[in-house]
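Nothing in this text is a laboratory measurement; each read-out follows from the coordinates by a stated rule. Computed from a predicted structure; not experimentally measured. Quick reminder, even Gly has a Cβ in these numbers, built from the backbone with ideal geometry, and neighbours come from all protein chains shown.
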C-alpha cells in the first residue's frame, strides 16, 4: 500500500510543468498564423517539446508530437512511486494499438497501412504488433486484452463491421481501467471513470441510433459501471432521444449528460457533443487541484497534457489541409 505523501515529489514537478503547457493565447497564435510553416515555428516556444523538434518540418508534426508524448511518459515513469500508475497510463496505448492491429487483421489490410497509426509507447512494442498483424503471433497481452480478443473475434463473426471493433475495444479498455483504479484506491479517478463510461454510452447510443443498428448490436457494445444504468439505455433505445433524456435527467450526476444530449438533438452534430464532453471532463479533472498528494494529480496532468497534444494535432491537420481559421477553431478542443 502506497502512502499519498510518496507522490509529493512527482506532484510538485508536474504542477510546475503544468504552467508550461498550452495557453489560450498560444493556441490563438497558432491558428491565426499565416501558414502551416509559421504555425510550426511556434512549437519552439513550448518547453515541453524541447529536444523533440530537431530538423523536423511541419509535415513531420506527427513525429514531433509522438516524441513529445514519449518524453513525458518517460519522465512520469521515472518519477512515479507506484507501478500501477504506469499500468494505468499504458493501458490507453496498449488498447489503441490492439484496436488498430485487430482492424487491420480482420479486414486483411497490410501492416504498411497501419504502422503510422501505432504508438511506440505502452507495454508492447511496434514490432510485436507487426508480428501479430503479419502472422497472428499473439504478443504478451496486458490486463483484460485476452478477453478483448475473444470478444471481438466472436462478435465480428456475427457482424463483420469494423466499427464494432472500435466499440468493443473501447468497452474492454474502460473495464481494464476500472480494475487498475481499484488497486490504486483512488476515489477521484474511480468517479472520473464512471463519468467517462456514462459519456461513452451516450455517444454509443447516438451512433447506433443514427446508424439504425439492431438492439442486439447496441447491447453488445454498451458498458456497465456508469452512474446511468444499463437498463436505462436499453429501455430508451427501443424508443427515442426524448425518452432517454427523461430517463437520465432524474438520476444523480446526469446534468452534463443531459446538456450533451440536448447539444446533439439541437445541432445534430456528434462533434459538438465531443467538445461538450471534453469540457465537462476538464471541469471535473480540475478537482484534482484540491488534492495535494496521490495518483490523482498525476492522472489529471497527463490527461490535460494529452488533450493539449490533440489540440496541436487538430491545428496542424487543419493548417495542412488549408482549412479556414474558423473551421479549425470549430474542431479544436478548448483550453
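Structure above, values below:
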quantity: Kirkwood hydrodynamic radius of the range 110-202, Cα pairs, Å; calculated: 15.0
quantity: Peptides 60-68, 155-163 ordered by average Cβ neighbours within 10 Å, highest first; calculated: 60-68, 155-163
quantity: Relative packing of peptides 199-210, 284-295 - highest average C-beta neighbours within 10 Å first; calculated: 199-210, 284-295
quantity: Sorted by Cβ density within 10 Å, fewest first, the residues 182, 99; calculated: 182, 99
quantity: Estimated Rh, the range 144-289: Kirkwood, alpha-carbon pairs, angstrom; calculated: 15.9
quantity: For the range 209-309, convex hull of alpha carbons as volume per residue, Å³; calculated: 131
quantity: Estimated 222 nm signal from helices in the chain, with DSSP H stretches of n ≥ 4 weighted -39500 (n - 2.57), rounded to 500; calculated: -21500 deg cm²/dmol
quantity: Relative contact order (%) - criterion: Cα under 8 Å, at least six apart; region: the chain; calculated: 22
quantity: Length gained when the stretch residue 250-residue 38 is fully extended (0.36 nm per residue, less Cα-Cα span); calculated: 71.3 nm
quantity: Rg to Rh quotient for the range 42-97, alpha carbon positions, Kirkwood Rh; calculated: 1.05
quantity: Residue 115 paired with residue 215, simple spin-label distance in nm, labels 7 Å along Cα-to-beta-carbon; calculated: 4.8
quantity: FRET efficiency for residue 322 and residue 9, using Cβ-Cβ distance with R0 set to 56 Å, rounded to 0.05; calculated: 0.75
quantity: Where labels lie 7 Å past Cα in the beta-carbon direction, separation of residue 242 and residue 282 in nm; calculated: 3.3
quantity: Length-normalised contact order of the range 186-288 in % [C-alpha pairs under 8 Å, at least 6 apart]; calculated: 26
quantity: Peptide ranges 255-266, 318-329 listed from the most packed, as the mean C-beta count within 10 angstrom indicates; calculated: 255-266, 318-329
quantity: Rg to Rh quotient for the chain, alpha carbon positions, Kirkwood Rh; calculated: 0.95
quantity: Extension gain, residue 107 back to residue 151 (0.36 nm per residue minus Cα-Cα distance, nm); calculated: 14.2 nm
quantity: Equivalent-ellipsoid semi-axes of the range 1-76, from the Cα gyration tensor, Å, largest first; calculated: 30, 15, 8
quantity: Distant alpha-carbon pairs in the range 1-152 (separation over 25 angstrom), percent; calculated: 46
quantity: Extended-chain gain in nm, criterion 0.36 nm per residue less alpha-carbon gap, residue 45 and residue 86; calculated: 11.9 nm
quantity: Computed E for residue 134/residue 77 - FRET, C-beta separation, R0 25 angstrom, nearest 0.05; calculated: 0.30
